[in-house]
Protein chains: 2
Amino acid sequence: MEEKQLLMIPGPTPCPASVLLAHATPMINHRGPKFVSVLTEVTANLKTVFRTQNDVFILTSSGTGAMETSIVNTLSPGDKVLALSIGNFGNRYAKIARTFGADVEKMDFPLGTAVDVAAVRAKLEADTGKAIKAVLVQFNETSTGVVNPIPAIAAAVHAHGALILVDAVSGLGAIDLDTDGLGLDVVCAGSQKAFMCPPGLAFVSFSARALAAAETAKMPRFYFDAREAKKYLASGQTPWTPAIPQFFGMQQGLRLMLQEGMDKFQARHLRLRNATRAAVKALGLELLVPDDGIASPVITAIRAPEAIGPDAIRKLALNKYGVVFAVGQDALKPTVFRIGHLGYVDDTDVLAALGVLGSVLTELGFPCDPAAGVVAAQQSISQALARV
Amino acid sequence: MEEKQLLMIPGPTPCPASVLLAHATPMINHRGPKFVSVLTEVTANLKTVFRTQNDVFILTSSGTGAMETSIVNTLSPGDKVLALSIGNFGNRYAKIARTFGADVEKMDFPLGTAVDVAAVRAKLEADTGKAIKAVLVQFNETSTGVVNPIPAIAAAVHAHGALILVDAVSGLGAIDLDTDGLGLDVVCAGSQKAFMCPPGLAFVSFSARALAAAETAKMPRFYFDAREAKKYLASGQTPWTPAIPQFFGMQQGLRLMLQEGMDKFQARHLRLRNATRAAVKALGLELLVPDDGIASPVITAIRAPEAIGPDAIRKLALNKYGVVFAVGQDALKPTVFRIGHLGYVDDTDVLAALGVLGSVLTELGFPCDPAAGVVAAQQSISQALARV
């Protein structure tokens, strides 16, 4: 069964059959009335998930394209930017800003921890001349599996007055984020994450402040120009030919998401996280993020036993059992692997994956009870479901 | 039958069912071995269609993203660029270069004509200081339905020494273009055109000279950085999460294309063009491009009768018959409509569309024999097929 795989990675997530089949819908004219109705429904439902009344623009790109969009539309070369990094995607956000000429001050926090809000607040308070124009931050840092305290960070940024740009690509929808309540200026998301859809589309919300910044921002942009996106959105279109199959897919994905209900949807991700973490500990492995309070509901990073290494675990799981775990990224590549529990993943998928993890560890000579992970996950899940 | 439509537009084209269904393939890890094999096959087959040994990079974007990629990777702000425009996409290409800081000199040629090679040659010969770093040109200008004489333009550019960047988005594959034989430095294409696939992917070939330019070019780029694309291509990946469904679709689309054979594929487009032009004339309408020698094999622009206008024709064809014609663009919007005969379109589709055109014209009070178009197209097609 080479074809059958259990995708336990932080995107693309597995997709419901109805979402996949929506991608096979015959083509339509992206300048005609049918496309307008699809785009209108998708945009309205995205706003519900984003918890915003702001404009949400749909881009044909990966999440990285959304990150670039957030920067080039709000900043000018030479603008001072404070980039908060807790991992690979924080580094990427800073790099994009630097590439387009921003004067980036980067605050790095240890891998596996969240942003230290007090340090950020102090940095912003010290900027009495208000040189800092924007703060860049991840909602959920995919490389380490940490959720940043966006409410506290947003409060500190608002006290200063800078824009707050949030890369929420891997977290939005699966973890509650109140875009309007927290006054987030730009929020980035992607189709292949919580939306249970294939990759191909990215989403960006722009506050009134961010749209005003787009009018004066001097960084060059064409494909990712938010002013063009806003202009075309007014007539239910995108400036450039969009990835039409993913629009049909998102139409269905969002319907399923809202049908499940955001509360249940997010409770499911929390339940899967808790089960995974309980299993990892029961198997005698070390979590990259010991602190339950900041551990990601969508992705769990695990230190591989030193004698075995993460690659052997991933390869045996893939080749023998068809279970796909994710690699560690950058500095964590030699020591860490990750289990995604994001999107169209349920309790049975997690139980299966954790069973395979126990078997693989045992087969690679790691001293553990191969069933210990499943047992712990069963208990964790049963208890969580009993509370519902 | 509101669902059933006959798409006669220059992209997205109709798609074979097998291509659409390939988009419903379950998701895979874009960092795993299965994706490598898909990307490798698609890239190899793209090179065959591009007629190149150059690197071909696959972008998750529209064709406009490919155009931006060609510019920001080969030029620096302040570089002098010669932009040859025969319509809307020529204007767009110039605008992208200007947006990123190029010093653009634009040569505009009348709508419905091709680039005047003698004028271009004179302009390049006058540039004895070799200030011009690149020449921008469309292969097939979609807004007017004109094919530019790329061989002659390329010869003039090579005599000068500038780079030649070619937007071949709507033409590549349907019309022969010898990327390597003509020494084209960057060539842009898109999935929703000749490849008979939905939109979502764009393609760019980079010559050795273009790749060398990318090392020194100073225009800022991140998402569209060709250096990153080249680095990841070496391991069968893309830098950012790709539109995976379209990769499965292109795998199938390219197989069908090469199975039909490029000669037959391109002869079909020429046959459909000739049939359409014969029908338009027989119906008493005026072609925007009177010159058969430069008329596009993929799209025919038609002047609507003044008393009726293009919108009435398009709307009646769509609402009464489910046939989708394309709008005129920019300056041509009030007077022109277009019939696409691109991609997964065959003789029967063209006959049907031209039949509807005759009926619609008659119903709108235009004095013509409603069957005249179909009769002329039948004759044209029969004669062409008899010659095979």
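The values are calculated or read from the model by the stated rules, or taken from the named source; none is laboratory data. The shown structure was predicted, so the numbers you read here are calculated from the model rather than taken from an experiment. Cβ sites come from the backbone with ideal geometry, for glycine too, and all protein chains shown count toward neighbours.
Look through B:39, B:84 and report the one residue that is among the aliphatic types (A, V, I, L, M), touching a strand residue (DSSP E or B) at 6+ places or on another chain (Cβ under 6 Å) and either at pLDDT 95 or above or surrounded by fewer than 21 Cβ atoms within 10 Å (Cβ to Cβ) (or both). Steps first, answer last, please.
Working: B:39 fails: touching a strand residue (DSSP E or B) at 6+ places or on another chain (Cβ under 6 Å).
Result: B:84 is the single residue among B:39, B:84 that is among the aliphatic types (A, V, I, L, M), touching a strand residue (DSSP E or B) at 6+ places or on another chain (Cβ under 6 Å) and either at pLDDT 95 or above or surrounded by fewer than 21 Cβ atoms within 10 Å (Cβ to Cβ) (or both).
Quick test of your reading of the structure: residue B:355 fulfils all but one of (1) under 10 Å from residue B:283 (Cα atoms); (2) assigned to a helix (DSSP H, G or I). Name the failing condition by number.
That leaves (1) as the condition not met.
Can you pull out every residue in region A:12-51 that is within 11 Å of another protein chain (Cβ to nearest Cβ), hydrophobic (A, V, I, L, M, F, W, C) and touching a residue at least 24 places away in the same chain (Cβ under 8 Å)?
Within region A:12-51, A:15, A:19, A:20, A:22, A:24, A:27, A:28, A:35 meet the criteria.
From (1) part of a loop (DSSP other than H, G, I, E, B); (2) crowded, with 24+ Cβ neighbours inside 10 Å, pick out the condition that doesn't hold for residue A:183.
Exception for residue A:183: condition (2).
With respect to residue B:65, determine if the residue is facing another protein chain (nearest Cβ under 7 Å) and modelled with pLDDT of 95 or more.
Here the answer is yes, as residue B:65 does meet what is asked.
State which residue is nearest to the chain's Cα centre (by Cα) when the search covers only region A:102-144 and only residues that are small (Gly, Ala, Ser) and outside any helix (DSSP H, G or I). Steps first, answer last, please.
At the first step, the residues of region A:102-144 found to be small (Gly, Ala, Ser) are A:102, A:112, A:114, A:118-119, A:122, A:126, A:129, A:131, A:134, A:143.
Then drop every residue that is not outside any helix (DSSP H, G or I), which leaves A:102, A:112, A:114, A:129, A:131, A:134, A:143.
Numbers: A:102: 24, A:112: 16, A:114: 15, A:129: 33, A:131: 29, A:134: 20, A:143: 10 Å.
The extreme case among them is A:143.
Name the residue that is nearest to the other protein chains (Cβ to nearest Cβ), counting only residues in region A:230-250 that are of a type in the set (Val, Ile, Thr) and not in a helix (DSSP H, G or I). Spell out how you get there, then give the answer.
Here is the first cut: in region A:230-250, the residues of a type in the set (Val, Ile, Thr) are A:238, A:241, A:244.
Of the ones still in play, those that are also not in a helix (DSSP H, G or I) are A:238, A:241.
Working: A:238: 9, A:241: 4 Å.
That would be A:241.
Spot the failing condition for residue B:314; the list is (1) within 23 Å of residue B:15 (Cβ to Cβ); (2) in a strand (DSSP E or B), and only one is missed.
(2)
Taking into account only those residues within region A:316-354 that are closer than 30 Å to residue A:262 by Cα and of a type in the set (Val, Ile, Thr), which is nearest to the other protein chains (Cβ to nearest Cβ)?
Among them, the one singled out is A:324.
Okay, residues lined up against (1) surrounded by 19 or more Cβ atoms within 10 Å (Cβ to Cβ); (2) among the polar types (S, T, N, Q); (3) assigned to a helix (DSSP H, G or I):
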| site | (1), (2), (3) |
| --- | --- |
| A:252 | yes, yes, yes |
| A:255 | no, no, yes |
| A:266 | no, yes, yes |
| A:273 | yes, no, yes |
| A:276 | yes, yes, yes |
| A:279 | yes, no, yes |
| A:293 | no, no, yes |
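Sort out which residues of region A:205-229 are in contact with a helix residue (DSSP H, G or I) (Cβ under 9 Å, 6 or more places away or on another chain), away from chain B (no Cβ under 13 Å) and under 25 Å from residue B:219 (Cα atoms), and write them in order of number.
A:210, A:211, A:214, A:215, A:226
List pairs: first residue in region A:147-161 and small (Gly, Ala, Ser), second residue crowded, with 21+ Cβ neighbours inside 10 Å and part of a helix (DSSP H, G or I) anywhere in the structure, Cβ distance under 6 angstrom, at least six positions apart or on different chains.
A:156/A:120; A:156/A:124
Only one of B:77, B:33 is at pLDDT below 95, surrounded by fewer than 22 Cβ atoms within 10 Å (Cβ to Cβ), more than 30 Å from residue B:149 (Cβ to Cβ) and out of contact with any strand residue (DSSP E or B) (no Cβ under 8 Å at 6 or more places or on another chain). Can you tell me which?
Unique residue meeting the criteria: B:33.
Go through A:241, A:179 for me and flag whichever is in contact (Cβ under 8 Å) with a residue 60 or more places away in the chain and under 30 Å from residue B:218 (Cβ atoms).
Just a single option satisfies the conditions, and that option is A:241.
If residue A:358 meets every condition in (1) farther than 21 Å from residue A:298 by Cβ; (2) out of contact with any helix residue (DSSP H, G or I) (no Cβ under 6 Å at 6 or more places or on another chain) apart from one, which number is that one?
All conditions pass for residue A:358, except number (2).
Of the residues B:304, B:326, B:371, B:352, which single one is more than 23 Å from residue B:191 (Cβ to Cβ), modelled with pLDDT of 95 or more, surrounded by 19 or more Cβ atoms within 10 Å (Cβ to Cβ) and small (Gly, Ala, Ser)?
Testing whether each residue is more than 23 Å from residue B:191 (Cβ to Cβ), modelled with pLDDT of 95 or more, surrounded by 19 or more Cβ atoms within 10 Å (Cβ to Cβ) and small (Gly, Ala, Ser) leaves just B:304.
If you go through region A:3-11 one residue at a time, do you hit one that is over 30 Å from residue A:322 (Cα atoms) and more than 9 Å from chain B (Cβ to nearest Cβ)?
Within region A:3-11, the subset over 30 Å from residue A:322 (Cα atoms) is none.
Scanning region A:3-11 turns up no residue that is over 30 Å from residue A:322 (Cα atoms) and more than 9 Å from chain B (Cβ to nearest Cβ).
Tell me which residues, restricted to region B:137-161, are crowded, with 24+ Cβ neighbours inside 10 Å and either more than 19 Å from residue B:296 (Cβ to Cβ) or at pLDDT below 95 (or both).
Matches in region B:137-161: B:157 only.
Among the residues of region B:76-90, is any acidic (Asp, Glu) and more than 15 Å from the chain's Cα centre (by Cα)? Talk me through it step by step, then tell me what you get.
Taking region B:76-90 first, the residues acidic (Asp, Glu) are B:79.
Those still in the list that are more than 15 Å from the chain's Cα centre (by Cα) too: B:79.
Checking region B:76-90: at least one residue is acidic (Asp, Glu) and more than 15 Å from the chain's Cα centre (by Cα).
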